[in-house]
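Below: the structure, in structure tokens.
The values are calculated or read from the model by the stated rules, or taken from the named source; none is laboratory data. Keep in mind the model is a prediction, meaning the values are calculated, not measured. Methodologically, a virtual Cβ is constructed for each residue, glycine included, from the backbone with ideal geometry; neighbour enumeration extends over all protein chains shown.
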Amino acid sequence: MALEVRINSAKGGADRRMMLPHRLALHFWRLRGLVWRLAARDTIARNRGSYLGLLWTAITPLFLLAVYTFVFGFVFKVRWGTELRTSRGEFAMMLFCGILPFSILFGDAVSRAPLTVVGQPNFVTRVVFPAEALPASAVGSACLQFLGGFVVMLIGALAVRHTLSPEILLVPVLLIPLLLITTGLTFFLASVGVFVRDMVSSVQIALTLLFFMSPVFYQLQNLKPDGHGHGSRIAYNLMLLNPFTSIIEGFRSVVMRAEMPDWRWLGYSAVVGLVLCYLGVTWFLRTKKAFADVL
């Protein structure tokens, strides 16, 4: 009995040490090869059997851009802010700077998160297989989708502005808070999806709500009170607290305006991302022991 207590105590201490941030980072660094192999396999599987293959990673964002530009630019004739001379191309690129990080990267990973573990029970029931590689590979697959869209963004920005600003090199910095938020929510939803099977519909509703509550189709300045009864201070402040606001506006700044992003609010988004990432990953690791019993 005493030996059993010591063994359980040792396991509990090992589990607690595993949850330390630097140990988590080291653990996933060791899994990087497996994660990227799974991500590449998933990307290839999603396009297997199609005539265009991996070209769909670029065609999908182009299609979304064309649809949203037609609806908001030609049907509703929406202007971008107060700029009367904004061309259709500039309008389309401003939309794309919101669509690419939110829908192509974040939305792709999070919408598929509830099924990442449930859809591959053979991996989960194997004791030697690290189940945490599955949601990590979903994020990796979304990153590959993002790369295809980013090439389209570079070509579009070059066509509209006739040049690429040096600030565009800051895009990887903007991706840090975005990836942290995406990873945290993907891991959390992957775990919850094992126990609550109708999470897919709930996540789609939440994504749609968050999509329109983020400045994808409009800029933050549209909500800022101007002293003439336009804008709302409450809505403006709430939008600032949305961590996607600084990320999306940052993309527009470095890609289209040749300006530096707002570092203060980008730092806020990074802190939110760190918290969500740590909580999501640790939640997954603590609950994965029960996956085999449910599946």
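You will find that of Leu55, Leu26, the residue that is surrounded by fewer than 16 Cβ atoms within 10 Å (Cβ to Cβ), outside any loop (DSSP other than H, G, I, E, B) and at pLDDT below 80 is Leu55 and no other. Right, Ser165: closer than 18 Å to Phe28 by Cα and polar (S, T, N, Q) or not? When the stated conditions are applied, Ser165 does not pass them. Can you work out which of the residues in the stretch 207-238 that are over 22 Å from Leu65 (Cα atoms) and among the hydrophobic types (A, V, I, L, M, F, W, C) is surrounded by the fewest Cβ atoms within 10 Å (Cβ to Cβ)? Within the stretch 207-238, the match that is surrounded by the fewest Cβ atoms within 10 Å (Cβ to Cβ) is Ile234.
Considering the stretch 169-206, and only residues there that are surrounded by fewer than 16 Cβ atoms within 10 Å (Cβ to Cβ) and closer than 30 Å to Met260 by Cβ, the residue that is farthest from the chain's Cα centre (by Cα) turns out to be Leu169. So, Gly89, is that one under 26 Å from Arg161 (Cα atoms) and modelled with pLDDT of 90 or more or not? Spelling it out, it is not the case that Gly89 is under 26 Å from Arg161 (Cα atoms) and modelled with pLDDT of 90 or more. Any residue in the stretch 116-126 that is hydrophobic (A, V, I, L, M, F, W, C) and modelled with pLDDT of 90 or more? Yes: the stretch 116-126 contains one or more residues that are hydrophobic (A, V, I, L, M, F, W, C) and modelled with pLDDT of 90 or more.
Of all residues assigned to the stretch 125-132, none qualifies as being surrounded by 20 or more Cβ atoms within 10 Å (Cβ to Cβ), in contact (Cβ under 8 Å) with a residue 60 or more places away in the chain and either hydroxyl-bearing (Ser, Thr, Tyr) or closer than 19 Å to Ile44 by Cα (or both).
Filter the stretch 145-167 for residues that are β-branched (Val, Ile, Thr), assigned to a helix (DSSP H, G or I) and surrounded by fewer than 17 Cβ atoms within 10 Å (Cβ to Cβ) and give the result. Of everything in the stretch 145-167, those that are β-branched (Val, Ile, Thr), assigned to a helix (DSSP H, G or I) and surrounded by fewer than 17 Cβ atoms within 10 Å (Cβ to Cβ) turn out to be Val151, Ile155. It is to be established whether one or more residues within the stretch 188-200 are of a type in the set (Lys, Arg), assigned to a helix (DSSP H, G or I) and over 17 Å from Leu276 (Cβ atoms). Within the stretch 188-200, not a single residue is of a type in the set (Lys, Arg), assigned to a helix (DSSP H, G or I) and over 17 Å from Leu276 (Cβ atoms). Total residues in the stretch 233-262 satisfying the condition of being more than 17 Å from Met93 (Cα to Cα), modelled with pLDDT of 90 or more and of a type in the set (D, E, K, R): the figure is 1. For the stretch 239-246, the criterion of being exposed (fewer than 15 other Cβ atoms within 10 Å of the Cβ), touching a residue at least 60 places away in the same chain (Cβ under 8 Å) and in a helix (DSSP H, G or I) is met by no residue.
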